[in-house]
Amino acid sequence: MIFDFLKAFVCGGLICVVGQILIDKTKLTSARILVLFVVAGCILGGIGVYEPFVNFAGCGATTPLPGFGYLLAKGVKEEIDNSGAIGIFTGGLKSSAGGISAAILAGLFCAVVFQPKSKK
Amino acid sequence: MNHITVTSNEFLKMVEKSSPKSNIFTNCLKAFFSGGLICGAAEIYFYFLENHLTISKEQAGLLVSATLIVIAAILTGMGIYSKLGKFCGAGTIVPITGFANSMASPAVEFKKEGFILGVGAKMFAVAGPVIVYGVLTSAIVGIIYFIGSKL
Amino acid sequence: MNYKKKGTQTIIFSEPIKISSAASVTGPKEGKGPVAKEFDVVLSDEYAGADSWEKAESLIVEKTIKIVCEKASLTKDKIDFALAGDLLNQEIGSAFGYRESEIPFIGLFGACSTFGEAIGLGSCLVDGRFAENIIASASSHFCAAERQFRFPLELGSQRPPTSTWTVTGAGAVVLSKNTKGSGAFVTGATFGKIIDLGVKDANNMGAAMAPAAADTVLAFLRDTKTDPQTFDKIITGDLGYLGGELFLDILSKEGINISNYTDCGIEIFDKKTQDTHCGGSGCGCSATVFCARFYPKLVSGEIEKVLFVPTGALMSATSSQQGETIPSIAHLVVVEHRR
């Protein structure tokens with residue numbers, strides 16, 4: 001348990017460090033970082049590299065955004081195995097539907113409840 | 001001559017030389033610990049769901065993501081996430097919480113422009129491209145995988 | 001015909017134009033900075049009683065023009081024209097701020113150089129006897145500008161160390177045909193050229209605008225064959241720490257050394273405690289700091305003669321996204337104390 005925590009902590013932390021270096025060195029906006037990481041995770045998931053990493057690091061690999069990309073790739077592969085070519089279209093969003101819906105609903109909830117605030 | 005004579009190249013070099021630089025080392029340390037902490041906490045929560053509530057691995061994974069997303073969105077609405085983000089940098093951008101923040105922040109910010117073209121449309125200002133290129137990449141992965149499986 | 005234009009781009013007015021009054025209204029962050037006590041009104045929150053940032057900016061403008069008229073002991077019907085501008089798309093900050101005023105309105109756009117443009121043009125109108133009293137004003141609002149130019153405020157991103165902080169506030173002056181009495185007078189103006197040395201980074205506006213400020217100051221000094229040491233202060237608008245340094249570097253390459261320099265973006269925030277990185281910016285930056293900090297000293301004679309040079313970056317979110325560089329401009333006015 002402690003070991004699982006440490007593995008997730010270190011692996012997740014290191015992925016964030018890669019993001020930080022990209023922000024500071026290349027002046028990429030956070031939007032571009034997010035896109036880059038999801039696409040990278042999806043490619044790594046596609047070629048089968050990310051899966052063993054997930055098995056090792058657990059939430060350290062699934063919580064950062066490459067994990068979201070990995071989920072898309074994994075979903076596509078599973079759907080193709082189950083239902084053939086149509087899985088190319090349905091697999092990605094099917095596997096990530098929970099996360100996306102959660103983010104949409106949580107965002108809407110916030111828009112109803114909260115007022116925009118200024119930075120100090 | 002009534003005009004400054006410095007050339008664009010000379011000037012851009014002057015700018016490069018004088019511009020204050022981000023402190024990459026401390027920024028990376030902050031990103032490492034904050035990002036690591038989010039992932040570590042997710043792991044503990046995941047462990048709890050799987051072993052104590054005997055939820056299947058897949059559902060536990062979804063529940064972890066959903067919980068992180070909801071927490072991040074609420075912290076965004078309360079104006080706390082931007083403060084965390086200022087300190088943690090990539091540590092709060094790269095985890096799934098950063099994705100939730102990128103949707104909740106324009107949703108709150110643009111409510112004055114109405115719920116359709118304000119909240120509804122602007123919510124995807126940052127998250128939209130993430131979904132678009134994520135889906136595109138997954139489709140490409142799928143095509144290659146499909147062809148591979150037929151060979 | 002004896003033209004009042006000197007050299008390439010400078011105007012020397014035939015009679016000094018009196019600045020009858022000046023007023024400034026700012027947001028709470030500005031009210032915690034080094035200039036806090038000198039502003040006329042410091043609001044307790046950025047909403048200013050409105051329900052959106054944009055409406056708040058207009059309310060700030062409205063308040064400022066009310067105060068500036070009162071201070072000049074003029075009713076609004078005595079004001080011939082208002083020259084005003086801001087940063088919001090289609091200038092809604094000023095337009096909605098003046099909507100109820102019934103003052104003939106001339107909208108200007110010079111990005112953050114607008115206040116210099118307004119004082120310069122207003123002085124021309126007064127000098128040419130087209131008007132007796134003119135209001136020149138400019139405004140900006142941190143929250144409204146951030147969400148127009150960058151990202152939502154709640155997005156958890158880090159501000160780069162070269163970035164500046166848009167001032168929430170408005171400044172206004174009344175320019176009058178009134179050569180009697182002592183006070184602060186506008187005696188000349190130089191309208192700048194658009195200068196673009198290729199800076200692309202929208203988070204480094206100081207660097208983008210520094211060459212424009214240097215170019216306008218150089219043009220003024222050569223047009224009028226003046227020594228920069230004859231001025232007590234040379235005040236740029238919102239170059240901030242980095243831009244200010246680059247401004248001085250460019251001029252020293254031209255053989256002009258300036259020792260009496262300051263920048264409104266440097267004056268308005270405390271670098272150590274207010275976390276504003278390279279300083280303040282926005283139309284409201286030069287407008288509020290000039291009205292609150294320098295105008296009273298020019299009236300009392302504590303400062304005798306200044307060059308006031310608001311600077312502007314003439315880009316938009318669209319041009320930035322299209323990968324364009326940032327064209328910049330600076331307009332200069334000479335303000336002197338007269339007994």
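Roughly how much of B:His3 is accessible, in Å² to the nearest 10, using a 1.4 Å probe?
Accessible surface of B:His3 is approximately 60 Å².
Roughly speaking, what % of Cα-Cα pairs in the stretch C:1-66 are separated by over 18 Å, rounded to a whole number?
Working: 1181 of 2145 pairs.
Here the long-distance tail beyond 18 Å is 55 percent of all Cα pairs in the stretch C:1-66.
In Å, what Kirkwood hydrodynamic radius results for chain C from the alpha-carbon pair distances?
One decimal place: 19.4 Å for the Kirkwood radius.
Per residue, how much accessible area does chain C show when a 1.4 Å probe rolls over the protein heavy atoms, in square angstrom?
Working: 12030 Å² over 339 residues.
Heavy-atom SASA per residue in chain C reads 35 Å².
Given the -39500 (n - 2.57) contribution per DSSP H run of 4+ residues, what per-residue ellipticity at 222 nm results for chain C, rounded to the nearest 500 deg cm²/dmol? Numbers along the way, then the final one.
Numbers: 11 runs with 109 residues, N = 339.
It comes out at -9500 deg cm²/dmol, rounded to the nearest 500.
Just to be sure I understand: of the beta bridges DSSP finds with both ends in the protein assembly as shown, what percent are antiparallel, rounded to 5? Provide the component values of the computation, followed by the final result.
Values: 40 of 60 bridges.
Just about 65 percent of them are antiparallel.
Would you work out what percent of the accessible area of the stretch A:18-109, with all protein chains in place, is carbon or sulfur (probe 1.4 Å)?
Here carbon and sulfur together make up 70 percent of the probe-accessible area.
Only Cα pairs under 8 Å and at least 6 apart count here; give the relative contact order of chain C as a rounded whole percent. Intermediate values should be presented prior to the final figure.
Details: 904 pairs, mean separation 84.9, N = 339.
Worked out over chain C, it gives 25 percent.
Order C:Leu246, C:Leu43, B:Leu63, most accessible first, counting only protein heavy atoms with a 1.4 angstrom probe.
Greatest to least solvent exposure: B:Leu63, C:Leu43, C:Leu246.
What does the charge count around A:Gly91 come to, taking other residues whose C-beta lies under 12 Å from its C-beta (Lys +1, Arg +1, Asp -1, Glu -1)?
Local net charge: 0.
By Kyte-Doolittle mean hydropathy of at least -1.0 and Cα axial length of at least 18 Å, which whole DSSP H helices of chain A are selected?
The qualifying helices are A:2-26, A:30-46, A:65-83, A:87-113.
So how much accessible surface do A and B hide from each other in total, probe 1.4 Å, in square angstrom to the nearest 100?
The contact between B and A buries close to 5500 Å².
By accessible area of protein heavy atoms, probe 1.4 Å, what ranking do C:Ile256, C:Ile194, C:Ile235 get, highest first?
Most to least solvent-accessible, the answer reads C:Ile194, C:Ile256, C:Ile235.
Please report, to two decimal places, log10 I(q)/I(0) for the stretch B:24-150 at q = 0.22 Å⁻¹ as given by the Debye formula with identical point scatterers on the Cα atoms and no solvent.
Log10 of I(q)/I(0), two decimals: -1.18.
Which one of A:Phe89, A:Phe68, A:Phe53 has the biggest mean-square fluctuation once chain A is modelled by GNM with Cα springs under 10 Å?
With Cα springs under 10 Å in chain A, the top fluctuation among A:Phe89, A:Phe68, A:Phe53 is at A:Phe89.
Please list 3J(HN,Hα) in residue order for the stretch C:332-339, calculated via the Karplus relation 6.51 cos²θ - 1.76 cosθ + 1.60 where θ = phi - 60°; whole Hz, with x for glycine and proline.
10, 10, 9, 10, 10, 7, 10, 8
Using C-alpha positions alone, give me the convex hull volume of the stretch C:136-279 per residue in cubic angstrom.
Taking only Cα atoms, the stretch C:136-279 has a hull volume of 150 Å³ per residue.
From the phi angles alone, apply the Karplus equation (6.51, -1.76, 1.60; θ = phi - 60°) to the stretch C:192-206 and give each ³J(HN,Hα) in whole Hz, x where the residue is Gly or Pro.
With coefficients 6.51, -1.76 and 1.60, one gets x, 8, 7, 10, 9, 9, x, 6, 10, 6, 5, 9, 9, 5, x Hz.
Ignoring ligands, DNA and RNA, please state the percent of accessible area on chain B from carbon and sulfur, probe 1.4 Å.
Of the solvent-accessible surface of chain B, carbon and sulfur hold 71 percent.
If you project the alpha carbons of the protein assembly as shown onto their three principal axes, what span does each projection cover, largest first, in Å?
90, 48, 42
Mind checking which of B:Gly35, B:Gly85, B:Gly118 has the largest fluctuation in a GNM of chain B, springs on alpha carbons under 10 Å?
B:Gly118
Where nothing but the Cβ of Lys and Arg (+1) and of Asp and Glu (-1) is charged, how large is the charge dipole of the stretch C:74-169 around its Cα centre, in debye to the nearest 20?
260
Measuring from label point to label point, each 7 Å out along Cα→Cβ, what is the B:Lys86 to C:Ser44 span in nm?
Placing both labels 7 Å beyond Cα along the Cβ direction yields 2.2 nm.
Pop out the carbon and sulfur fraction of the accessible area of chain C as a percent, whole number, probe 1.4 Å.
That fraction is 51 percent.
Determine which lysines satisfy two conditions relative to C:Lys76: a Cα distance under 24 Å, and not lying fewer than 8 residues away in the same chain.
C:Lys18, C:Lys55, C:Lys63, C:Lys66, C:Lys177, C:Lys180
Using just the helices of chain A, give the 222 nm mean residue ellipticity in deg cm²/dmol: DSSP H runs with n ≥ 4 each add -39,500 (n - 2.57), and the total is spread over all residues, rounded to 500.
-28000 deg cm²/dmol
Please identify, among B:Val141, B:Val15, B:Val119, the residue showing maximal mean-square fluctuation in a Gaussian network model of chain B using a 10 angstrom Cα cutoff.
B:Val15
As I understand it, the value is the acute angle between the Cα axis of helix B:8-18 and the longest principal axis of the Cα atoms of chain B; what does it come to in degrees, rounded to 10?
So the helix axis and the longest Cα principal axis differ by about 60 degrees.
Expressed as a whole percent, how much of the Cα-Cα distance distribution for chain A exceeds 25 Å?
On the way: 2635 of 7140 pairs.
Tail of P(r) above 25 Å: 37 percent of Cα pairs.
Are any of the pairs A:Lys94/B:Lys57; C:Lys78/C:Lys193; A:Lys119/C:Lys78; C:Lys32/C:Lys200; A:Lys7/C:Lys272 more than 28 Å apart by Cα-Cα distance, and if so, which?
Going by Cα-Cα distance, C:Lys78/C:Lys193; A:Lys119/C:Lys78; C:Lys32/C:Lys200; A:Lys7/C:Lys272 fall outside the 28 Å limit.
Arrange the residues B:Ser149, C:Ser176, B:Ser65 by how much accessible surface each exposes, largest first, with a 1.4 angstrom probe.
B:Ser149, B:Ser65, C:Ser176
Would you mind working out the accessible area per residue for the stretch A:2-113, using a 1.4 Å probe, and quoting it in Å²?
Value for the stretch A:2-113: 43 Å² per residue.
Considering the convex hull of the alpha carbon atoms of the stretch C:55-167, report its projected area averaged over all viewing directions, in nm², one decimal.
Its average projected convex-hull area is 7.8 nm².
Return the aspartates and glutamates within reach of C:Lys225: Cα separation strictly under 20 angstrom, same-chain partners fewer than 8 residues apart disregarded; answer none if there are no such residues.
Straight-distance partners of C:Lys225: C:Glu15, C:Asp215, C:Glu254, C:Glu304, C:Glu336.
Nearest 100 Å² is fine: how much accessible area is buried between B and C, summed over both sides, with a 1.4 Å probe?
Between B and C, the summed buried area is about 3200 Å².
The values are calculated or read from the model by the stated rules, or taken from the named source; none is laboratory data. The structure presented is a predicted model; accordingly, all values stated were derived computationally and were not measured. Neighbour counts are summed over all protein chains in view; Cβ atoms, including those assigned to glycine, are modelled from backbone coordinates with ideal geometry. We work out accessible area using only protein heavy atoms, side chains counted, and drop any ligands, DNA or RNA first. Shrake-Rupley method; radii C 1.70, N 1.55, O 1.52, S 1.80 Å.
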